[in-house]
Every structure is written in structure tokens, then in C-alpha cells.
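Peer 1: Dropping the structure in here first, questions after.
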Amino acid sequence: MDNSQRCFELLSAGDTDGLRRILDQDPGAAEARDASGVSLVMQALYRGRRDLAEMIAGKKKELDIFEAASLGRLERLEECVRNAWLVNSHSKDDFTALHFACFFGQPEAVRLLLGKGAEIDSVASNPMKVAPLHSAASTRNLEAARLLLEHGAPANARQQAGWVPIHAAAQNGDLAMAQLLLRHGADPNVVNDEGKTAAMVAREKGHAEIAEMLGG
């Protein structure tokens, strides 16, 4: 087994020390990508290990646009977007850099990408069918959501299972996000594929204040 594959196994097992040892001995392993083409940096972020993602990134020769957006590396992101076609390109798992900046809480990266023409309503070409606003709402990234909405992001865009962003705010108990979405035209009466409004979702999760605000 080569070191690249070993890195993914150690990451999956949560063996931080083992991963650090391999990368210290073989920095080139930081460039590893899994069978679907997703980088070691992104897999660390997906597992909620920002510390490891930063460590891996420090070993890489160069971050790609998705890694730079996810980590908020603005200088590198500026370099990437000089190639205009990259701004709205999709990763191997079918998200754009804007999706990642929203999901991983990088509002300055969001601002930069929007300024370079990132599509606010770009839908991930995978079963999740999320737009950047869904990514921001689901992870409580209020500033990213505000930037998107001020640039005209559709507040009632649907994703997988018919969810709209205010469903995510309701599920999270995120009152500030729900209020922001309402100010920008979110419809609290939209139902998902199970026939549930955001108020119903909030009530199920024990978020009575949001449920009442949303009329349920």
C-alpha cells in the first residue's frame, strides 16, 4: 500500500499521529486524492478536522480552488480565479467553490467569488441538489447567507427532498438565519416532500420560538 492510500485510511481511523508521521516522512502524500478524485484536504474537512486539513494543506505544493475557498486562503483563491473558467467549475463531488466557501464558513471567500462572477444559484450536480444558500443555511453561516441574498440568491430554492433554506434554519434552531431569510422573501408556508413547513420542522426539533415566529 502506498503512502497516499495509507493517508486516507489513517484519516478515516482518526489516527492523527500516524497521519502526521507519514506526511512528515513523505510530504508528497499530501497531494493524495481518493478513488473519486476528492483530495485529502477536503476529506479532512468533511470529517470536521480543520486542524488536519490545515496541516495537510501546509504540505501541499499548491491548493486548488476548492481547497482555497474551503480554507479561506484568499491569496491563493485570487490566483485561482484569474482563470475565469474555474470560478464556476465543479469539484469531483460536484460542488462549486462558492458552495464550499458557504459550507465551511468563509464569508470573505464568498465575497471574493461573488465579485468574480460566481453563480449564486448554481446547483450541485449530485443527488443533494444544493445551491450555495442551502450550504450557508445548513451550517449557520449567517454572513455568507446575507451576501448571497443581497446578490439575489433565491430564498425559496429547493434542494433534495424539497427542502428550502428556511427548513434548515428551522431544523437548526437558527433564529437569526430564519429572520434573514424572511426579510429576503422566504416563504414559511413552503412544504417539503414530506409535506412539512419550516414551522413544523422547528416544532419537531423543539425550537418553539422559531416555530411560533413562522406561524406554527
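Peer 1: In this model, which of Lys92/Lys129; Lys129/Lys196; Lys61/Lys116 are farther than 22 Å apart at the alpha-carbon?
Peer 2: Correct reply: Lys61/Lys116.
Peer 1: Further question on the same structure: Report the FRET efficiency, 1/(1 + (r/R0)^6), for His151 and Ser12, where r is their Cβ-Cβ distance and R0 is 41 Å, rounded to 0.05.
Peer 2: 0.65
Peer 1: 7 Å from Cα along Cα→Cβ at both Glu194 and Arg111: what's the point-to-point distance in nm?
Peer 2: Simple spin-label model gives 3.8 nm for this pair.
Peer 1: Per 0.36 nm of contour for each residue apart, how much would the distance between Asp121 and Arg183 grow if the chain were fully extended, relative to their Cα-Cα spacing?
Peer 2: Separation in residues times 0.36 nm, less the Cα-Cα distance, equals 20.5 nm.
Peer 1: Among rounded, prolate and oblate, which fits the range 1-61 when a ≥ b ≥ c are the square roots of the eigenvalues of its C-alpha gyration tensor, a/c under 1.5 means rounded, and a/b larger than b/c means prolate?
Peer 2: rounded
Peer 1: Using a cut-off of 13 Å between alpha-carbon atoms, which aspartates and glutamates can reach Lys205, once sequence neighbours fewer than 8 places away in the same chain are excluded?
Peer 2: Of all the aspartates and glutamates, those that pass the test against Lys205 - Cα under 13 Å, at least 8 places apart if same chain - are Asp174.
Peer 1: With the Cα gyration tensor of the chain giving a ≥ b ≥ c as the square roots of its eigenvalues, does the rule (a/c under 1.5 for rounded; else a/b larger than b/c for prolate; else oblate) give rounded, prolate or oblate?
Peer 2: Prolate shape, in that a/c is at least 1.5 and a/b is the bigger ratio.
Peer 1: Under the classification rounded if a/c is under 1.5, otherwise prolate if a/b is larger than b/c and oblate if not, where does the range 37-133 fall, given a ≥ b ≥ c as square roots of the Cα gyration tensor eigenvalues?
Peer 2: The shape class here is oblate.
Peer 1: Additional query: Dipole of the range 63-213, Cα-centred, from +1 at each Lys and Arg C-beta and -1 at each Asp and Glu C-beta, to the nearest 20 debye?
Peer 2: About 60 debye.
Peer 1: Another question, if that's okay. Which residue, Gly28, Gly115, Gly72, tops the fluctuation ranking in a GNM of the chain built on C-alpha contacts under 10 Å?
Peer 2: Gly115
Peer 1: What does the helix-only formula give at 222 nm for the chain: each DSSP H stretch with n ≥ 4 adding -39500 (n - 2.57), the total divided by the residues, and the result rounded to the nearest 500 deg cm²/dmol?
Peer 2: Value at 222 nm, helices only, nearest 500: -14500 deg cm²/dmol.
Peer 1: Could you list Phe95, Phe104, Phe66 in order of exposure, starting from the residue whose Cβ has the fewest other Cβ atoms within 10 Å?
Peer 2: Phe104, Phe95, Phe66
Any read-out appearing in this document is the output of simple, stated calculations on the displayed coordinates, not a laboratory observation. Quick caveat: nothing in here was measured; it's all calculated off a predicted structure. Please note: Cβ atoms are built from the backbone with ideal geometry, for glycine as well, and neighbour counts cover all protein chains shown.
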